[in-house]
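To start, the structure under review is shown below, and the notes come after it.
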Amino acid sequence: MDRPSAFATLTQQHVGAVLVTATSFAIRHAEQIAALAARHALPAIFPWREFALAGGLMSYGSSLGYQMHQVGIYTGRILKGEKPADLPVQQSTKFEMVVNLKTAKALGLTVPETLLATADEVIQ
């Protein structure tokens, strides 16, 4: 099933919202997935801010910029001679929430003020 058909099926089955998970497929097709969710009037929550910037309703997840910074630090340590097996496993400690009010308005949704107050970024 292709993406447009999948979203049409979700609409036909009266799905109320979509949670898009962090996959390489979703990353490659962020703009198309956000556009399809909007076209089918499906609120969609995504794992990274880039999806909200592409038109998704909101995102909550680890900061890709922070993750890439950490990759750079690890790479530097390895290039300086540290053994990868000796480096500790790390997990993300910086998370961000982005709310796209333009998309919320288009979907006829009101985002609670408490949610907006806790968001790291609000797209007008």
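Scanning the range 57-85 for residues that are in contact with a Pro (Cβ under 9 Å, 6 or more places away or on another chain) and under 23 Å from MET97 (Cβ atoms) yields a count of 6. Within the range 84-109, being surrounded by 10 or more Cβ atoms within 10 Å (Cβ to Cβ) and either small (Gly, Ala, Ser) or more than 17 Å from TRP48 (Cα to Cα) (or both) holds for LEU87, GLN90, SER92, LYS102, ALA104, LYS105, ALA106, LEU107, LEU109.
Scan the range 68-83 for residues that are surrounded by 14 or more Cβ atoms within 10 Å (Cβ to Cβ) and either within 14 Å of the chain's Cα centre (by Cα) or free of Cβ contacts under 8 Å to residues at least 12 places away in the same chain (or both) and the total you get is 1. Among the criteria (1) assigned to a helix (DSSP H, G or I); (2) more than 19 Å from ALA119 (Cα to Cα); (3) open to solvent by less than 80 Å² (accessible area, probe 1.4 Å), the one PHE51 does not fulfil is (2). Among residues of the range 23-46 being open to solvent by less than 60 Å² (accessible area, probe 1.4 Å) and not in a helix (DSSP H, G or I), the one that is farthest from LEU57 (Cα to Cα) is THR23. Scan the range 1-22 for residues that are closer than 18 Å to GLU96 by Cα, surrounded by fewer than 16 Cβ atoms within 10 Å (Cβ to Cβ) and at pLDDT 85 or above and the total you get is 2.
The values are calculated or read from the model by the stated rules, or taken from the named source; none is laboratory data. Values in this document were obtained by computation on a predicted structure and should not be read as measured data. When we count neighbours, we look across all protein chains shown, and the Cβ atoms used for this are built from the backbone with ideal geometry, even at glycine. For accessibility, only protein heavy atoms count, side chains too; no ligands or nucleic acids. Shrake-Rupley method; radii C 1.70, N 1.55, O 1.52, S 1.80 Å.
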